[in-house]
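Take a look at the structure set out below.
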Amino acid sequence: MARYTDHLGRPVVAVTGIGVVTSLGVGKADNWNALTSGKSGIHPIVRFPVDHLNTRIAGTVDFLASSQKGASALTYELAETAAQEAVAEAGVDAGDFGGPLFLASPPMELDWSERFSLYNAGKEGSAADRLLTVARGLNSLDIFDTSQFGSIADRLADRFGTRGLPITLSTACASGATAIQLGVEAIRRGECERALSIGADGSATAEALIRFSLLSALSTHNDIPEKASKPFSKDRDGFVLAEGSAALVLESLESALARGAKVLGILRGCGEKADDFHRTRSKPDGSPAIAAVKAALDDAGLGVDGITYVNAHGTSTPENDKMEHMSLSTVFGERIRSMPISSNKSMIGHTLSAAGAIEAAFSLMTMSESVIPPTINYDNPDPAIELDVVPNTKRSAEVATVLSNSFGFGGQNTCLVMARDPV
Amino acid sequence: MSPNDVVITGIGLVSSLGEGADAHWQKLTAGRPQPVTDAERYPPYVIHPLPEIDWGLQIAKRGDQRQMETWQRLGTYTAGLALDDAGIKGDEALCATMDMVVAAGGGERDEAVDSGILAASESRSDRDVLLNEKLTTELRPTLFLAQLSNLLAGNISIVHKVTGSSRTFMGEEGAGVSAVETAAARIRSGQASHVLVGGAFQTEHPDMLLGYELGGYLHRGPWKPVWQRQGAEGGGVITGSGAAFLVLESREHAAARGRHVYAQLEAVVSGRSRRRNGDFDSSVARLIDKAAAPADRPLLAMSGASGAHTATKAEKSALDSNNSIASRGIATLTGHMKEAQFPFAVALAALAVDRKAGYPPFDEASEKPFEGIPQSVLATAVGYHYFEGMALVAAD
C-alpha cells in the first residue's frame, strides 16, 4: 500500500487530471503526438499585421473560437478548455469541483481594439477624457470584465464550481509553476482534498510582441519559423512568443485512491528563490536558480542522484540557456552531462504565464509514456553547454522523476519535482 | 498560544494622509480627521492624491527609482517602511529567508504615447499598422518592466533584498485578501516563518480611473463620506493613492528576535459570493460571523468599503445589523486603494489594538463612537465588483 504522507509527514499530492492546449493542438493526445514527433507549432503571425516588426513569427493559438477576440477572451477559453479536459480525466463533477482554483494568467490590460472604439465613440476633450466619458455611458460590463485582473478566475470559478475566492497570480514566466505550487501547499496544509491549478496565456498581442522585442528578448529568425526556437544551440537568438494552457487536478493521494481515481503522477516537491540582481538578468553566479533547484529537491526529499530527467526552462535566449546550464552543472556536478534534459519550448515556444503548467503536464506524460520529447533544432550545439539535450528525436526511457525549471523576469525562480509513482 | 500563531511586527503605510504607521495614527485620531482631496486634476472625479515623498529614504539608488513608475516606487517604498518598522531592513539573513506575497494590479502606461496613437487613429483605417508603427518607435524599452505586475515584488527583491520567495497575486481587493490569507496560512502551518505582505495602488493616472469607470463605478461631483454616496451621481467609488505592507511572523520567530508585536492576526476569511443571485447581504453577514464570533462587548470594524453602491450597501447593512459593531469606513479618509485596501484595513486594525484605543468616527452622521480598549478589531474588504474578505486582529 502506498504511503499517504511524505518524508516530512505531509499529505502526498497526486495528479489525477491533466489538460493541455498549445499551438500544436487541443488536448493531451494531439499535443503528445506532435511533441514526440518533433513537430513545431511556431508559424508566421496572422493575427495582426506584422509591418514594422522585427519578429514576425509566434506560437499563437489561432484555432479557438476566441483566437481573434482579445487576450482576455482567449486566455479564458484556453484555461477553460484545458480545465475541462483535466476535470473530465480526473472524474470529478465538472460543475462542482469542490476545491480551490489557482490561475496563472497574464496581467490584464484593455485591448487596443477597445481603446480605439471607446476613443472614436467620443467627441471632444483629451484622449483620457474621451475614454472616461464614453466608459461611463456603457450599458454593458463586457469591456469592464476584460480590464479586471480577477475576472477570468471569477468566470472559471463559476464554470467549474471551485470553492472560495479564486487566486489569480503572476510570477512572470514562472507563473504556471507557482499555480501548481500554491495548490500543492494548500493540500499539504490540509485546507482541501483537491485543487485546480491552471496556467493560461492568450496574450500574444502586437503590443506584447513589441515589448519583448524592445527588450531584445525575441528571436528574429523569421524565415523558417519552425527553426527559430533552438534552445542550447550556438546560434540561438531569443525566445518565440507563444500561447497555450495547461490544467492539473491536484489531489491528496489518500483522497485519490479512496475514490478509485487513476494516479497520473506525484507532485513531489516545489522550490523557489527570488533573485535580487536585476530586473531581467540573473545573478552572474546563478545562486538564486541553484537555490531554487536545491529547495525543490529538498522539498521532494531527493538527493542530486534522485532526478532522472530535467524538463528545462530552455527558452532559447542566450542568457537563460547559459545560466540554466551553469546552475544545473553546479547542483548536479559531472552527472549533468549524462542526464537527459530537453526543452519543450523548442517546439511550442515560450508560453509565458502558462509555460510552467504546460511543461509540468508534459513532464508527467514523459514519465507515464516512458518517452522523452526531444529538443528540436539542435543542429549547431553551443560548445559551452555540454548537455544531453535529447537532440532532435524523441527517446524511449524509463523516467521515474523529473525536475521542471521555470525562471522569469523580476527574479522569479520556481522548480517542481514530479515522480511517476508514489513512494 | 502557539509558536505558529501569526503576529504583526511591522507596518508600512502611505496614503494621502501621510506616511508611516505613527503619522496615520495621529491623523486618524486627531479630533475630527479630515480627508486630503484633489478635485481639479480629473474632473468630474475627486481623488485622494499621494503626499510628498522623498523616495530616496527607502530607495537609495536613483537608478532603481528610475526603473520604476510611481506605482512600483510607492509599493517598494512602503515595503521598506514595513521592513524598517519590523527591524528586518538591512538584515541580510532575515531578508534572504523572508517570503513575500504582493497584491498587484498593473502599472502606468505611457499616457503621451497612447494619446498620440488614439489621436492618429481618427484619420487612419489601418489602425493595427498604426499601432506597430507607433509602439515600435515611441515606447521606452524598459517601460514594460515598470508596469509589469510582478515587478513590484521584483523591485522589492532588488531594493530590499527580500528573496526567500516572491509571489504576486492579482485580482483587485481580492488579491489583497488572498495575499494576507495565504501568508497567514503558510506561517500557521509552519511553511513560512516571516512574510512580507501588502500592496500598492496609484490612482493618479487616467487608466487607473478607467479600470473602475468601464463598470460605471466612480462617484462624480463633490466629495462625500463613503457611507453617504448612495443616490449621488455616479457609482460611488472615490479612489486614493496609497499602499500598505505588513510584516507577519510566527510568534516563535518574533519572540526569538525580541520584537514588539502590534497584534495577533487571528481568523482571515475570504469568499466569492454570487452577488447576482440575491444572496449578497447574507453572505457578507456570514463572513463577519466567521471572522468574529458574535460577542457582547463592542467590536471596532475597520471597513474597506469602496463606496460602490451595491457592495457598500450590503456591507453597511451587515455591519449595522450587529449592534455591537462600530464601523469606520477608511475610504472616507484615504479613498479606495484597490489591491492595498485590505492590507491597509488590517494595518489600521492592528494599530488600534496596539495603541489600546479606537478611532473617532470618520463620518459622524454614519458612524457611532467607540469607547474603551479594543481587544480585537475586525478588518473588512468587500470588493467593489467581486470577492470579499475579513480578518480579526487581536491584542496579543
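Residues with beta-carbon under 15 Å from that of B:R328, excluding B:R328: net charge, scoring Lys, Arg +1 and Asp, Glu -1? Please list the in-between numbers first.
Values: positive: B:K27, B:R32, B:K316, B:R355, B:K368; negative: B:E315, B:D320, B:D363, B:E364, B:E367, B:E371.
Here the charged neighbours net out to -1.
In this simple spin-label approximation, A:D305 and A:K69 carry label points 7 Å from Cα along the Cα→Cβ vector, and these lie 5.5 nm apart.
Charging the Cβ of each Asp and Glu at -1 and of each Lys and Arg at +1, and nothing else, the dipole of the range B:318-396 about its Cα centre rounds to 100 debye. For B:K290, the solvent-accessible surface with a 1.4 Å probe is about 130 Å², rounded to the nearest 10.
Here is the size of the protein assembly as shown from its Cα atoms: Rg then Dmax, 25.3, 77 Å.
Build a GNM of chain A with springs between Cα atoms under 10 Å: which of A:N380, A:N320, A:N222 gets the top mean-square fluctuation? Largest GNM mean-square fluctuation: A:N380. For the pair the range A:358-401 and the range B:329-359, the centres of their Cα atoms are 52 angstrom apart.
At 1.4 Å probe radius, can you tell me the per residue accessible area of chain B in Å²?
Details: 12710 Å² over 396 residues.
Ligands and nucleic acids excluded, the result is 32 Å² per residue.
Restricted to Cα atoms, the range B:74-165 shows a radius of gyration and a Dmax of 18.8, 59 angstrom.
FRET efficiency for B:E92 and B:D38, Cβ-Cβ distance as r, R0 = 35 Å, nearest 0.05?
Numbers: r = 40 Å, r/R0 = 1.16.
That gives a FRET efficiency of 0.30.
Under conditions of 37 °C and 0.692 mPa s, the range A:266-411 yields 215 µm² s⁻¹ as its translational diffusion coefficient, taking Rh as the Kirkwood radius over Cα pairs in the Stokes-Einstein equation. Only lysines eight or more places from A:K322 in sequence, or on another chain, were considered; those with a Cα closer than 16 Å are A:K230, A:K234, A:K283, A:K345. Think of chain A as a dipole: +1 on every Lys or Arg Cβ, -1 on every Asp or Glu Cβ, centred on the Cα centre; then among A:G260, A:S370, A:G95, A:S370 lies furthest on the positive end.
How many Cβ atoms of partner chains, on average, are near each residue of A:195-208 if near means within 10 Å of its Cβ?
Working: counts 0, 0, 0, 0, 0, 0, 0, 0, 0, 0, 1, 6, 6, 1.
The per-residue average across the peptide is 1.
Under 5 Å between amide hydrogens, built in the peptide plane, is the criterion, and for B:I325 it picks out B:L299 among residues at least 5 positions away or on other chains.
At R0 = 60 Å, how high is the FRET efficiency between A:N392 and B:T29 if r is their beta carbon distance? Nearest 0.05 is fine. Intermediate values should be presented prior to the final figure.
Working: r = 70 Å, r/R0 = 1.17.
The pair A:N392/B:T29 has a calculated efficiency of 0.30.
Of the heavy-atom accessible surface of the protein assembly as shown (probe 1.4 angstrom), what whole percent is carbon and sulfur?
Heavy-atom surface of the protein assembly as shown belonging to carbon and sulfur, 1.4 Å probe: 49 percent.
Determine which lysines satisfy two conditions relative to B:K27: a Cα distance under 25 Å, and not lying fewer than 8 residues away in the same chain. Qualifying lysines at Cα under 25 Å: B:K224, B:K316, B:K338, B:K356, B:K368.
For chain A, the solvent-accessible area of protein heavy atoms averages 32 Å² per residue (probe radius 1.4 Å; ligands and nucleic acids excluded). Qualifying GluC sites (Glu not before Pro) in the range B:122-170, where qualification requires a DSSP coil assignment and no more than 15 other C-beta atoms within 10 Å, comprise B:E122.
Counting Cβ atoms of other protein chains within 10 Å of each Cβ in A:52-62 and taking the mean gives 1.
How shielded is B:175-185 by partner chains, expressed as the average number of their Cβ atoms within 10 Å of its Cβ atoms? Write out the running numbers ahead of the final one.
Numbers: counts 6, 0, 2, 10, 2, 0, 3, 6, 0, 0, 4.
Partner Cβ neighbours, averaged per residue: 3.
Charges were assigned to the Cβ only: +1 to each Lys and Arg, -1 to each Asp and Glu. The resulting dipole of chain A about its Cα centre is roughly 200 debye. The 1.4 Å probe gives accessible areas that order B:M1, B:M68, largest first, as B:M1, B:M68. Per residue of chain A, the DSSP helices (runs of n ≥ 4 H) give a summed -39500 (n - 2.57) that works out to -10000 deg cm²/dmol at 222 nm.
Values of log10 I(q)/I(0) for the range B:170-222 across q = 0.16, 0.20, 0.24, 0.26 Å⁻¹ run -0.63, -0.78, -0.94, -1.03, by the Debye formula with one identical scatterer at each alpha carbon and no solvent.
Ranked by the mean number of other Cβ atoms within 10 Å of their residues, highest first, the peptides B:386-392, B:260-266 fall in the order B:386-392, B:260-266. The convex hull of the Cα atoms of chain A, projected and averaged over all directions, covers 20.1 nm². Per residue, the Cα convex hull of the range A:353-395 amounts to 88 Å³.
Rounded to the nearest 500, what is the 222 nm mean residue ellipticity of chain B from helices alone, with -39500 (n - 2.57) per DSSP H run of 4+ residues and division by all residues?
Working: 15 runs with 147 residues, N = 396.
Taken over chain B, the calculation gives -11000 deg cm²/dmol.
The label-point distance for B:S321 and A:S140, in a model that sets each label 7 Å from Cα toward Cβ, rounds to 3.5 nm.
R0 = 35 Å: FRET efficiency of B:A120 with B:R276, Cβ-based, nearest 0.05?
On the way: r = 40 Å, r/R0 = 1.15.
In this case the efficiency is close to 0.30.
Each residue of the range B:245-262 was assigned a 3J(HN,Hα) from its phi angle through the Karplus curve 6.51 cos²θ - 1.76 cosθ + 1.60 (θ = phi - 60°); the sequence is 10, 10, 9, 9, 9, 6, 4, 4, 5, 5, 5, 4, 8, x, 8, 5, 9, 5 Hz, with glycine and proline shown as x.
Take the accessible area of B alone and of A alone, subtract that of the pair with a 1.4 Å probe, and the total buried over both chains is about 6600 Å². When the alpha carbon gyration tensor of the range B:264-394 is reduced to an equivalent ellipsoid, the three semi-axes, largest first, read 21, 15, 14 Å. Antiparallel beta bridges, as assigned by DSSP with both residues in the protein assembly as shown, represent about 70 percent of the total such bridges. One Cα centroid belongs to the range B:362-396, the other to the range B:1-50; the line between them spans 14 Å.
Once you have the Kirkwood Rh of the range A:120-249 from its Cα pairs, apply Stokes-Einstein at 25 °C and 0.890 mPa s and quote D in µm²/s. Spell out each step's value before the answer.
Values: Rh = 18.5 Å.
In µm²/s, the coefficient rounds to 133.
Measuring how big chain B is from its alpha-carbon positions, Rg and Dmax come out at 20.6, 69 Å. Distance from the Cα centre of the range A:107-121 to that of the range B:124-195, in angstrom? After rounding, the separation between the Cα centres reads 22 Å.
The values are calculated or read from the model by the stated rules, or taken from the named source; none is laboratory data. A quick note: this is a predicted structure, and the numbers were derived from the prediction, not measured. Note that each Cβ is placed from the backbone with ideal geometry, even for glycine, and that neighbours are counted across all protein chains shown. Note: areas computed on protein heavy atoms with side chains; ligands, DNA, RNA excluded. Shrake-Rupley method; radii C 1.70, N 1.55, O 1.52, S 1.80 Å.
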